[in-house]
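So the structure is just underneath, and the comments pick up after that.
The values are calculated or read from the model by the stated rules, or taken from the named source; none is laboratory data. Fair warning: this is a prediction, and the values are worked out from it, not measured in the lab. FYI the Cβ positions are ideal-geometry reconstructions off the backbone, even for glycines, and counts take in every protein chain you see. Quick note on the areas: whole protein, heavy atoms, side chains included, nothing else; ligands and nucleic acids left out. Shrake-Rupley method; radii C 1.70, N 1.55, O 1.52, S 1.80 Å.
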Amino acid sequence: MEIILNKRWNYQFIKDNSKYILSVMCGTVGLFEVDVELNKHQIANYKRNGIDFIEKCVKEIRANPNQYIKT
């Protein structure tokens, strides 16, 4: 596992073999993490746009974490 980006108490972006995983800290009073595995399109977008794309994803996940939580 390789940590690509680590912003403490904000998010962590890692590469685990061929998987790219974005782990975002969410919540207000209670904090929780939402882990999202990037799909092929998102990986390509990250490789083109770098941290700007990841920061955009973090904002989207934080704005609506329930959309990204697997049940």
Fill in the blank from the handout: In degrees rounded to 10, the 0-90 angle between helix 40-49 Cα long axis and the longest Cα principal axis of the chain is 80 degrees
Problem - FRET efficiency for Met1 and Gln42, using Cβ-Cβ distance with R0 set to 22 Å, rounded to 0.05 - result: 0.75
Completion exercise
With a 1.4 angstrom probe the carbon and sulfur portion of accessible area for the chain, in percent, totals 49 percent
Handout entry: Cα-based reach from Lys59 at 19 Å (exclusive), listing lysines while leaving out same-chain residues under 8 positions away
Key = Lys7, Lys47, Lys70
Fill in the blank from the handout: Computed over the chain: longest principal axis from alpha-carbon atoms vs helix 51-63 long axis, angle to nearest 10 degrees, is 30 degrees
Problem - Accessible surface of Leu5 - all protein chains present, 1.4 Å probe, nearest 10 Å² - result: 40 Å²
Handout entry: Accessible area in square angstrom per residue, the chain, 1.4 angstrom probe
Key = 73 Å²
Practice task
Would you mind calculating the relative contact order of the chain from Cα pairs under 8 angstrom and at least 6 residues apart, reporting the percent as a whole number?
Solution key: 22 percent
Practice task
Take the alpha carbon gyration tensor of the chain, find the square roots of its eigenvalues, order them as a ≥ b ≥ c, and report rounded if a/c is under 1.5; if not, report prolate when a/b exceeds b/c, else oblate.
Solution key: prolate
Practice task
At 1.4 Å probe size, with no ligands or nucleic acids counted, give the accessible surface of Ile51 in Å², nearest ten.
Solution key: 70 Å²
Completion exercise
Treating only Lys and Arg (+1) and Asp and Glu (-1) as charged, each at its beta carbon, one finds that the chain has a dipole about its Cα centre, in Debye to the nearest 20, of 160 debye
Practice task
Would you tell me the accessible area of Asp16, worked out with a 1.4 angstrom probe on the heavy atoms of the protein chains, in Å² to the nearest 10?
Solution key: 60 Å²
